[in-house]
1. Could you pull out the residue among 49, 120 that is under 21 Å from the mean Cα position of the chain (by Cα) and among the aliphatic types (A, V, I, L, M)?
2. Output the strands (runs of 3 or more DSSP E) that fall wholly within the stretch 106-207 and possess 3 or more residues being open to solvent by 30 Å² or more (accessible area, probe 1.4 Å), or say none.
3. Among (1) in a loop (DSSP other than H, G, I, E, B); (2) modelled with pLDDT of 95 or more, where does residue 101 come up short?
4. Select from the stretch 44-79 the residues that are assigned to a helix (DSSP H, G or I), in contact with a helix residue (DSSP H, G or I) (Cβ under 7 Å, 6 or more places away or on another chain) and not β-branched (Val, Ile, Thr) and list them in ascending order.
5. Within the stretch 304-347, how many residues turn out to be buried (at least 19 other Cβ atoms within 10 Å of the Cβ) and either modelled with pLDDT under 95 or of a type in the set (Lys, Arg) (or both)?
6. Exactly one of these conditions fails for residue 69: (1) within 22 Å of residue 119 (Cβ to Cβ); (2) in contact with a Phe, Trp or Tyr (Cβ under 9 Å, 6 or more places away or on another chain). Give me its number.
7. Residues that are open to solvent by less than 10 Å² (accessible area, probe 1.4 Å) and within 21 Å of residue 326 (Cβ to Cβ): which helices (runs of 4 or more DSSP H) entirely in the stretch 353-433 hold 1 or more of them?
8. So residue 215 clears everything in (1) in a loop (DSSP other than H, G, I, E, B); (2) surrounded by fewer than 16 Cβ atoms within 10 Å (Cβ to Cβ); (3) out of contact with any helix residue (DSSP H, G or I) (no Cβ under 7 Å at 6 or more places or on another chain) except one condition, right? Which one?
Amino acid sequence: RTTMKSLRFISAEAFVSNAEFARKSLGAVAHDLFPLLFKASYLLEQGEVIHDLVENWPLFDFNMGKLLGATLDYQEDLSHRTCSVCLESCLTGLRDYVLNQSPPYMKKLKVVDLTGIKDVEVQFCKCKKTMGRWARTQLLSKLCSELLVYLQQAQCNPGTFEISVNVLIDLFVTERNYELVVQALLKKCSCPLKICCVAFRSDNLTLQKFFYIIKLTDPSLLRKLEIVHNVHLEMEHLEILLNSIHFPLLMSLTLPARTFNVRRFTAEDEQMLSNIGEKMGEMRQLTELSMSFSVLTGRIQKLLSPLKTPLKMLDVSNCSLNHADMAYLANSFHANHLEALDLSGHDIPELYPSTFFKLLSHCSSVLRSLTLEDCNIQDTHVNMLILGLSPCQKLQEFKFIGNPLSSPALKHLFTFLCELPMLKNVEFPVPRDCYPIGITYPIDDASLCRYDHQKYERVAEELNLILLQANREDVKASTPLFGSYDAAVQETNNELGAYLIKSFKETLEKFTTSFNKMS
């Protein structure tokens, strides 16, 4: 599919394609043409031209999402191209914007917004080298620290220190880049480029470091907080966090696995849970909540009822919800507003089929994403599922991996899915009949790949043919057995793997020591 370009855009491409000529001529270019030239340079991966455009940016703001998004001159959205050449040129250009010799009164830039960059699995840039969120965090922090050192050592124009540019960014901090980011945040007041953290993700950090850095980010600006892998945040720590730090603009909160564990609840724990619910209720903007792999049996109402704003996204996968939890969700004011819902890991047909379908009917007019992985949905439930999904005309994504469905049942379901007009992404299970007879669900990791691959390929082809015959080539159907693509995990998987090996080794050493003492 080719996207139409205006004559202006074609001219801009011709201009920037000769990097040497373009760089020499920038001084004569009208200021309102800079955004056009920037997008053309980004498309052609002209790093040097991008650098010089940013270094000499003549406008008040620089918003990556808007600059790379669909425009009248070129409809294609380039904001999902995290091209390393382009992004590094952008950020070094920003540093040199501060350092270049043009008089300070000509420097109008006040806000740089890097939050519109989207990290996706498939990259179309020619260099094939991406700069993910972690690397952007690392580079911006490094440039801010270096800039400050340079300004303190060199004989700079006094006006340089009057430059103040707010750089809005989604920070991603792990043990490996922690010190660098801390230094940049500590010196924020003195640096002309001021890091403004709009979203914060933390992996592989001790609690002490997490608590320290989250205070440095200026939580009053934070809209999204993700505490994900290997941050051992438990319920008491979460209570301390919410009691000691105010998050007035927080819209999205992701908590690590096993933050809550009601199997060992005491009266004190119940009070703690109530306090956490009340604190979340004070976050008037909170509309997205993810707390997967916690044991929340019978406690959903206590956590969610204090919220003043209805949730648009709720992930309670593998949270051992009971009938009372599902009944609360189905009847709560959240139900009519849920655009994304993940109930994976619950035996829906066995535990609460009618309550689930009541919840589904309440959110059907707005639901965009539904995830029901490992929910024991069998062939006998498919017709009921189709009935429940029929009103969900805005559904864009349906994930149901790990359910014991046969090939004929999947074909029946796919024939129906073709009728959902907004559907774009389907993640379906390996058919039950591709596994050896007697396989039990949920399938353990060791048996997950022990299926008839040739038969699966044949079935997958037939399913895609159903989409093709219904003119639904726009729907992507796949079976990611080990979970959907996660850009953050992909970028830091080496560090994550090293951390897991270290944790395993330490556990083994403790076990050996205990065993030796017993001996």
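The values are calculated or read from the model by the stated rules, or taken from the named source; none is laboratory data. Remember, predicted model here, so these are calculated numbers, not experimental data. Please note: Cβ atoms are built from the backbone with ideal geometry, for glycine as well, and neighbour counts cover all protein chains shown. Just so you know, the surface numbers come from the protein's heavy atoms only, side chains and all, with ligands and any DNA or RNA stripped out. Shrake-Rupley method; radii C 1.70, N 1.55, O 1.52, S 1.80 Å.
1. Values: 49 fails: under 21 Å from the mean Cα position of the chain (by Cα).
Just one listed residue meets the conditions, 120.
2. Qualifying strands (runs of 3 or more DSSP E): 165-173.
3. (2) is the only condition that residue 101 fails.
4. Hits for the stretch 44-79 are 44, 47, 48, 51, 52, 53, 55, 67, 68.
5. 1
6. The one condition residue 69 does not meet is (2).
7. Qualifying helices (runs of 4 or more DSSP H): 353-363, 382-389.
8. (1)
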